[in-house]
1. Taking the convex hull of the Cα atoms, report for the chain its projected area averaged over all directions, in nm².
2. What are the ³J(HN,Hα) values, in whole Hz, obtained from phi via the Karplus relation 6.51 cos²θ - 1.76 cosθ + 1.60 with θ = phi - 60°, for each residue of region 154-167 in sequence order, with x given for Gly and Pro?
3. Can you list the lysines whose alpha carbon is less than 30 Å from that of K224, not counting same-chain residues fewer than 8 positions off?
4. Report D for region 1-157 in µm² per second (integer): Stokes-Einstein, Kirkwood Rh on Cα pairs, 10 °C, 1.306 mPa s.
5. In what order do I252, I55 fall by count of nearby beta-carbon atoms within 10 Å, going from fewest to most?
6. Loop-only GluC sites (Glu not before Pro) in region 85-166, please: DSSP not H, G, I, E or B, and at most 16 other Cβ atoms within 10 Å.
7. Output the 0 to 90 degree angle, nearest 10, between the alpha-carbon long axis of helix 48-64 and the longest principal axis computed from the alpha carbons of the chain.
8. For helix 102-116, report the angle its Cα long axis makes with the longest principal axis of the Cα atoms of the chain; keep it between 0 and 90° and round to the nearest 10°.
Amino acid sequence: MFVLLLALIPYIVWYVLRSKKSQPAMKMPEVAKYRYVPRTWRMYLMHLPFLLRNILLALVVIILARPQSKNTWSDTDVEGVDIMMAVDVSTSMLAQDFKPNRVEALRKIAQQFIESRQNDNIGLTVFAGEAYTQCPLTTDHAVLMNLYNDVDCNMAATGILEDGTAIGDGIMNALLRLRNSQAKSKVLILLTDGVNNCGNISPITAAEIAKKNKVRIYTIGIGKNGMAPYPLPTGGTVMMPVEIDERMMTDISESTGGRYFRATRNTELEEIYKEIDKLERTKFNVKEYSKRNELFEPFAWAALCVLVLEILLRVVVLRRLP
């Protein structure tokens, strides 16, 4: 971009040649008598607008070149908890007993929870008929939420991900991300709206493994009691029964020292997250990588000031007649 500064050379040459050939505003038969007339301060400022115009063009080129700060690493000690969230994304999560539906309501409230725990290592596992890690443990919650925003039920609905509810697989996938954690508090938050009906490992076996690894599991059953409206592919909704294996969810939580919650509306989900927010925190070291930051703003403000000054000089102070 700095090659564009070469354009100033012909501009300067043009200005010099134009100044020499400029026509006087008023013709006089003789100018000798004005030879010793003192020059006013305006005459000294005559070429200042041209100079400011060159500075403005140079600043614009600098802005186009995108000045940036350098990347840096920093080590900091923070207190937090290692938390893995295992979220059900089976097609039943499209039920509309939560507004606008279960998966969207859960995402919004989970975002508030994540934002309130700035120093925690938080990761995300999603599961339907099979499970995978959407985001490993990280303190970069902006990245976590960007990845969480990509989570929906379309994968299961379109067959990209096998549909079903493999609760045991969801727990095991999250445990694999917590196995090397050195935190005093290791937590798994399991969120589902159904009954375990597939997968390679039973939820109770997965809970026993979590207990051996000192991971507490907080389970949340999502859905109203009885019936819930479910959207049809052709439009409209149909009432479907809500089935949650609360006995199994309670056993999973109590065996690991956690708790089971039942959420039937958005406000209850918020209260559940507030309860989990009271967990003990652990001090651990975090390495933070600072990426390049844009530094064009000072040059942009300087360019604006130069532009305004040049216009004021040309129109008000050094106004030419005619």
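1. With every direction weighted equally, the projected area is 27.8 nm².
2. 5, 4, 6, 5, 8, x, 5, 10, 4, 7, x, 9, 9, 5
3. Partners within reach: K99, K108, K186, K211, K274, K278.
4. Reported coefficient: 69 µm²/s.
5. Least to most surrounded, the residues fall as I55, I252.
6. Sites meeting the loop and neighbour criteria: E162.
7. 20
8. Orientation of helix 102-116: about 60 degrees from the principal axis.
Read-outs throughout are calculated quantities, based only on the coordinates presented, and are distinct from any laboratory measurement. Keep in mind the model is a prediction, meaning the values are calculated, not measured. Backbone-built Cβ (ideal geometry, glycine too); neighbour counts: all protein chains shown.
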